[in-house]
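Undergrad: Once you've had a glance at the structure underneath, I'll fire off some questions.
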Amino acid sequence: MRIRRVHARVLRLACLALSCACVGGSAEPKDAPDAASDPAGVAPIVARAEAATASGDLDASVAAWREAYERTPWNTRLASSLVAAYVARAEQERTKPGGSKGLALAEADLRKALLIAPKQPEVERSLAIVLLERASLAADDADADRFRSQAAALAPELAAQTPVLRLPVERRLDIAFDLLERGQLDAGIDQLQSLVRDYPQSTAAAKLLAQAWVRKGDLQTRRGDYAGARQAYASAVELYARLLPCDGTRCDPADLETAHRNRISALLDAASFDEARAALAEAKGVGLRFDDLERKWPELESP
């Protein structure tokens, strides 16, 4: 599959706009007030917000700045810090989880920032970029038109310079494949889940999503997240069931075997023997045999 790149101009503008917003709203806060001059008790909250921001924990950063701002909504310094935190998190959300889900989260954060700082040009431009990207991924014409209209109201010149782009299935598959190849499994899976919802007839999307779930399960197994691994493998098996028969065109028999084997192994490792026996029966139902697992695990025998 040939990998194409997201529209370079849009991405350059996105980085520039979001960077400007962060710089414009993240002036160094003054020293926290002492107890005598801090009747609202925001000093320890500000300290927590600064620590979260410095460590890159943007969820904690937003939560702390928001708490401090809500206690002293007249404090413009705290308002600027909260806006900057929302903008920074929006940029992160565009890439992780990325895809339709990430863009929706980024849009929500940027709209919250504009409620605090209405008509701030950098934030409006950032939101316009996100809306244009959402338009390019929209499966419905009405949704795409709505996103572009909102973007044009916020940043007319940017919307005019950005071509009307509706990504076809093949282009969206390329984006998802690129994300998976770069190790951004969550972003790739989110992109593919959206694609499968929009185009349930696309066997290529379902096949790639099933493969991604197997990779996710393998990663979770290595990390010791066995519950997550079991769920990932189960998601893969469910997708492969929709792709049967696995004749090498709709799906690869080796991939099908890997998904079922790993699912059974994960259940055995977790001592979930009833579920493992049920998973083995399901695998046999599609023509698979795992004699080695049955020899190694007598628990697979019916009780």
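The values are calculated or read from the model by the stated rules, or taken from the named source; none is laboratory data. None of the values given here were measured: they were computed from a predicted structure. Virtual Cβ from ideal backbone geometry, glycine too; neighbours counted across all protein chains shown. To get the accessible areas, we keep the full protein, side chains included, count just its heavy atoms, and leave off ligands, DNA and RNA. Shrake-Rupley method; radii C 1.70, N 1.55, O 1.52, S 1.80 Å.
Undergrad: Just to confirm, what accessible area per residue do you get for segment 184-289 at 1.4 Å probe, in whole Å²?
TA: Per residue, segment 184-289 has an accessible area of 46 Å².
Undergrad: Can you list the lysines whose alpha carbon is less than 23 Å from that of LYS216, not counting same-chain residues fewer than 8 positions off?
TA: The reachable lysines, counting only those whose Cα sits under 23 Å from LYS216, are LYS96, LYS101, LYS207.
Undergrad: Right, next: For ASP186 and SER55, compute 0.36 nm times the residue count separating them, minus their Cα-Cα distance, and round to one decimal in nm.
TA: 45.0 nm
Undergrad: Can you tell me the relative contact order of segment 194-303? Whole percent, Cα pairs under 8 Å, sequence separation 6 or more.
TA: In percent, rounded to a whole number, it is 20.
Undergrad: Something else: Any chance you could tell me what percent of the C-alpha pair distances in segment 191-303 go past 22 Å? Please report the intermediate quantities before stating the final value.
TA: Details: 2026 of 6328 pairs.
Across segment 191-303, Cα pairs with separations above 22 Å total 32 percent.
Undergrad: Further question: With all protein chains present, calculate the accessible area of SER136 using a 1.4 Å probe and round the result to the nearest 10 Å².
TA: SER136 exposes around 20 Å² with every protein chain in place.
Undergrad: For segment 122-136, in order, what is each residue's ³J(HN,Hα) by Karplus, 6.51 cos²θ - 1.76 cosθ + 1.60 with θ = phi - 60°, in whole Hz (x at glycine and Pro)?
TA: Couplings: 5, 6, 4, 5, 4, 5, 4, 4, 4, 5, 5, 5, 5, 4, 5 Hz.
Undergrad: Can you give the accessible area of LEU58, probe radius 1.4 Å, in Å² rounded to 10?
TA: The value for LEU58 is about 30 Å².
Undergrad: Given 0.36 nm per residue, what is the gain on full extension from LEU293 to ARG222 after removing their alpha carbon distance, in nm?
TA: Separation in residues times 0.36 nm, less the Cα-Cα distance, equals 23.6 nm.
Undergrad: Round to a whole angstrom and tell me the spacing of the C-alpha centers of segment 233-293 and segment 40-119.
TA: Answer, in whole Å: 43.
Undergrad: Moving to a separate point now. Let me know the charge dipole size of segment 82-189 about its Cα centre in debye, to the nearest 20, where only the beta-carbon of Lys, Arg (+1) and Asp, Glu (-1) is charged.
TA: The dipole of segment 82-189 has a size of about 260 debye.
Undergrad: Counting alpha carbon pairs within less than 8 Å and at least 6 residues apart, what relative contact order, in whole percent, applies to segment 152-246? Kindly include the intermediate steps, with their values, before the conclusion.
TA: Values: 76 pairs, mean separation 18.5, N = 95.
Normalised by residue count, the contact order of segment 152-246 is 19 percent.
Undergrad: So which lysines pass the test for LYS284, namely a Cα distance under 19 Å, with those fewer than 8 places away in the same chain ruled out?
TA: Result set, ordered by chain and number: LYS296.
Undergrad: Residue farthest toward the positive end of the dipole of segment 146-205, with Cβ of Lys/Arg at +1 and Asp/Glu at -1: which of LEU180, GLN161, SER149?
TA: SER149
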